[in-house]
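The values are calculated or read from the model by the stated rules, or taken from the named source; none is laboratory data. Everything numeric in this text was worked out from a predicted model, so none of it was measured. Glycine gets a Cβ as well: all are built from the backbone with ideal geometry, and neighbour counts include every protein chain shown. Accessible surface areas use protein heavy atoms only, side chains included; no ligands, DNA or RNA. Shrake-Rupley method; radii C 1.70, N 1.55, O 1.52, S 1.80 Å.
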Amino acid sequence: MPPGTPPAAAPDLSALTTPFATGTEGGGLQGRSFNETFDGDFATVFYRKNIFSTRIVRQQVGTRQEVRTIIVRGQPVQVVVTVPVFGDVPVTTVQQALVPVPGRYSGISIVDNDSPRPTDRVYFNYSYYDGIGAQMNPGLGNITMNRPMLGFEKTFLNGDASIGMRVPFIQMNGPPGVGADAIGDTSILSKYAFINDPNGNVLSTGLIVTVPTGPAGGTMVDGSEVPHSTLFQPWLGFVQVFDRAYVQGITALIVPTDGRDTTLWGNSLGMGYWLYRADGDRLIRGIIPVAEVHVRTPFNNREPSGLVYLQDQVNLTGGLHVRFPRASLGGGECVPVVSPRPWNVEAIASFNCWF
């Protein structure tokens, strides 16, 4: 080098040595690599309603007179006889049952495709429930529910806070008087992270307000209208990252404005492990198996004979998430393990797209 030439500046190698992208401090690129969202578990609350069912029964509907010939002492004799007439008759029966109401308490939980981390994203979640309330309503027939859900989340305060919205779409199938299609209640979600460090660890709190935008739910067996509350859901959550693994937990309290509805305390713990991780320009950035346990504890409406009912629940969820450069695709299954089971099995699919 000629005398007096300044030394060359050292190249910036941080992009090569940092295992995770660090585009922003909170909800942007950095937050994408640390943990997946919860898959979730919760379906609904049950309301006691009269279920009317009609079936066709073949039975006697009248009589008619006929003239017939009989043989008496070797001689034909005509007699008039009464003959029963049969026909197909619709018969309506009434059965009291604990059934869900489309949109009520459905798609509102903070652990439905969400996590304690503030994130910039749009998302889609789908849940299919089979055998809803089967153990509580023997002989009623199978009740199933499809619940697609659309939502978005946007960060602010340098990625330490976010606000979002979600709307579920409910399709229920079952005996007459149970099945219905409806747009569920709209939920507005907020988060604030007290801790949101570069290693991916998070301590946050938030509030979900679910407003009664869905349709009315009809009447219960006593003639009163099904309650339709505004729901307030304060929550506290954390994420702890351990290299390729992470653990996250959330405790939440759902408080209705109508005292007839259910106050519910939920506690969820989930974990995941980056079985495969490849940062950079690859199409598949990660494969992450996940496992979750959800405990649901109602503070009221605990009697199966009541007008509104929700049982204690312990629900186990397992699944697999595939990570792409700006998206994540997940699938899972949830099974209740405490009787009476609220449903038999739930199938879950989720999609998140970050921006």
When the stretch 237-275 is examined, which residues are found to be assigned to a strand (DSSP E or B), open to solvent by 70 Å² or more (accessible area, probe 1.4 Å) and closer than 17 Å to Tyr105 by Cα?
Trp265
In the stretch 179-232, how many are of a type in the set (Val, Ile, Thr) and in a loop (DSSP other than H, G, I, E, B)?
4
Can you find a residue in the stretch 36-48 that is open to solvent by 10 Å² or more (accessible area, probe 1.4 Å) and at pLDDT 80 or above?
yes
Being of a type in the set (A, V, I, L, M) and modelled with pLDDT under 95 is the requirement here; does Val247 meet it?
no
Among the residues of the stretch 290-316 satisfying the criterion of being out of contact with any Asp or Glu (no Cβ under 8 Å at 6 or more places or on another chain) and free of Cβ contacts under 8 Å to residues at least 12 places away in the same chain, which is nearest to Trp274 (Cα to Cα)?
Glu303
Filter the stretch 278-289 for residues that are surrounded by fewer than 17 Cβ atoms within 10 Å (Cβ to Cβ) and more than 11 Å from Ala245 (Cα to Cα); which is nearest to the chain's Cα centre (by Cα)?
Ile287
Check Pro304 against each of (1) surrounded by fewer than 17 Cβ atoms within 10 Å (Cβ to Cβ); (2) part of a strand (DSSP E or B) and name the one condition it does not meet.
(2)
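Specify the residue that is nearest to the chain's Cα centre (by Cα); the eligible residues are those in the stretch 120-131 that are within 20 Å of Cys353 (Cβ to Cβ) and surrounded by fewer than 24 Cβ atoms within 10 Å (Cβ to Cβ). Step through it out loud before you land on a result.
Just the residues of the stretch 120-131 that are within 20 Å of Cys353 (Cβ to Cβ), to begin with: 120-127.
Narrowing the set further to residues that are surrounded by fewer than 24 Cβ atoms within 10 Å (Cβ to Cβ) leaves 120, 122-124, 126.
Details: Asp120: 22, Val122: 17, Tyr123: 14, Phe124: 12, Tyr126: 8 Å.
The residue in question is Tyr126.
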Enumeration of residues in the stretch 279-295 that are modelled with pLDDT of 95 or more and among the small types (Gly, Ala, Ser)
Ala291
Note on Asn158: of the conditions (1) on the phi < 0 side of the Ramachandran plot; (2) touching an Asp or Glu at 6+ places or on another chain (Cβ under 9 Å); (3) surrounded by fewer than 18 Cβ atoms within 10 Å (Cβ to Cβ), unmet is (1)
Please go through the stretch 77-104 and pick out each residue that is open to solvent by 90 Å² or more (accessible area, probe 1.4 Å) and either in contact with a Cys (Cβ under 9 Å, 6 or more places away or on another chain) or within 30 Å of Thr213 (Cβ to Cβ) (or both).
Gln96
Quick one: Gly74 ticks every box in (1) over 25 Å from Gly223 (Cα atoms); (2) surrounded by 24 or more Cβ atoms within 10 Å (Cβ to Cβ) except a single one, so which number is it?
(2)
Output for the stretch 147-164, where each listed residue is under 19 Å from Pro215 (Cβ atoms) and either of a type in the set (A, V, I, L, M, F, W, C) or modelled with pLDDT under 95 (or both):
Met149, Leu150
Where the second residue is open to solvent by 80 Å² or more (accessible area, probe 1.4 Å) and not in a strand (DSSP E or B) and the first is closer than 20 Å to Val202 by Cα and lies in the stretch 149-177, which pairs have Cβ atoms under 6 Å and are six or more apart or on separate chains?
Asn158/Glu25; Gly159/Glu25
Residue ID - farthest from Phe152 (Cα to Cα), chosen from residues in the stretch 341-355 that are crowded, with 19+ Cβ neighbours inside 10 Å and of a type in the set (A, V, I, L, M, F, W, C):
Trp343
Could you grab me the full set of residues in the stretch 161-178 that are open to solvent by 10 Å² or more (accessible area, probe 1.4 Å), part of a strand (DSSP E or B) and closer than 19 Å to Pro342 by Cα?
Gln171, Asn173
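Conditions tested, residue by residue: (1) open to solvent by 30 Å² or more (accessible area, probe 1.4 Å); (2) of a type outside the set (Phe, Trp, Tyr); (3) more than 27 Å from Gly179 (Cα to Cα).
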residue	(1), (2), (3)
Asp197	yes, yes, yes
Gly200	no, yes, yes
Gly206	no, yes, yes
Asp222	yes, yes, no
Phe232	yes, no, yes
Trp235	no, no, yes
